[in-house]
1. If you take the residues of region 10-58 that are within 24 Å of residue 127 (Cα to Cα) and among the hydrophobic types (A, V, I, L, M, F, W, C), which of them is farthest from the chain's Cα centre (by Cα)?
2. Are any residues in region 37-79 among the small types (Gly, Ala, Ser) and modelled with pLDDT of 90 or more, and if so, which ones?
3. I need every pair where a residue in region 49-67 that is in contact (Cβ under 8 Å) with a residue 60 or more places away in the chain has its Cβ under 6 Å from the Cβ of a residue that is charged (D, E, K, R) and in a loop (DSSP other than H, G, I, E, B), sequence separation at least 6 or different chains.
4. Could you figure out which of (1) in a loop (DSSP other than H, G, I, E, B); (2) open to solvent by less than 10 Å² (accessible area, probe 1.4 Å); (3) within 28 Å of residue 4 (Cα to Cα) isn't true of residue 134?
5. Residue by residue through region 117-139, note down the ones that are touching a residue at least 60 places away in the same chain (Cβ under 8 Å), over 18 Å from residue 150 (Cα atoms) and charged (D, E, K, R).
6. Could you name every one of the strands (runs of 3 or more DSSP E) located completely within region 1-102 that has at least 2 residues being open to solvent by 40 Å² or more (accessible area, probe 1.4 Å)?
7. Under 7 Å by Cβ, and 6 or more places apart or on different chains, what pairs join a residue from region 17-43 that is over 15 Å from residue 79 (Cβ atoms) with one that is open to solvent by 80 Å² or more (accessible area, probe 1.4 Å) and outside any loop (DSSP other than H, G, I, E, B)?
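The values are calculated or read from the model by the stated rules, or taken from the named source; none is laboratory data. Treat the numbers as computed from the prediction; the structure is a model and nothing was measured. Reconstructed Cβ throughout: ideal geometry from the backbone, glycine too, with neighbour counts over all protein chains shown. Side chains included, ligands, DNA and RNA excluded: accessible areas come from the protein's heavy atoms. Shrake-Rupley method; radii C 1.70, N 1.55, O 1.52, S 1.80 Å.
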Amino acid sequence: GVDSVYDIMEMEDDKRNAVLQMDARQMRDVATFVNSYPTLDVNYELAKGDYTAGAAIPIRVSLSRDADEDTEGDDEIVVAPFYPLKKLANWWIVVGEPKSRQLLAIKRVTVHKNLAVKLEFSLPQGTHALKLYVICDSYIGADHDIDLDPIDVAEGEDSGSEEDSDDAMEE
């Protein structure tokens, strides 16, 4: 019944020892890894209002993680014993539209404790089902995949019919 690091985190010590069947040194390595595994809370706020084709749509993403006060600064360092350097866990914040396979906005960040990021993207006319991805570059399974509410985008000012633009060219 263990499918992720979170399952190991939630186990009682005696059950964890019975399942993993490791010696004391190996269990210390497991504890070090599990204690450093990033748990990130993700919230977002999409600007309210009427959206028009081609206009900027802002989204504010808030990230927060539980950081131990006594290990401040060290908790972002990845447990990677075979990596030759110290590595900070970075996160990629991505807004995309899975149906069209389009990437709309992307930003790389490092989260120390709390971080708020603003991204902007634009969409063509229509209804769009978007996702917010928060992807860790260092730990498998720490990612977030959030469905955003559908966005209805109206026709923009510059997106008139072809007849309108032909008439304007003749004048």
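1. 53
2. If we filter region 37-79 for residues that are among the small types (Gly, Ala, Ser), which is where we start, we get 47, 49, 53-56, 62, 64, 67, 73.
Selection gives 53, 54, 55, 56, 62, 64.
3. Cβ pairs passing all conditions: 53/155.
4. Failed condition: (1).
5. Looking only at region 117-139, we keep the residues that are touching a residue at least 60 places away in the same chain (Cβ under 8 Å), and these are 118-125, 132, 134, 136, 138-139.
Within this subset, residues satisfying the condition of being over 18 Å from residue 150 (Cα atoms) are 118, 134, 136, 138-139.
Answer for region 117-139, where residues must be touching a residue at least 60 places away in the same chain (Cβ under 8 Å), over 18 Å from residue 150 (Cα atoms) and charged (D, E, K, R): just 118.
6. By residue number, 40-46, 57-65.
7. Filtered contacts from region 17-43: no entries.
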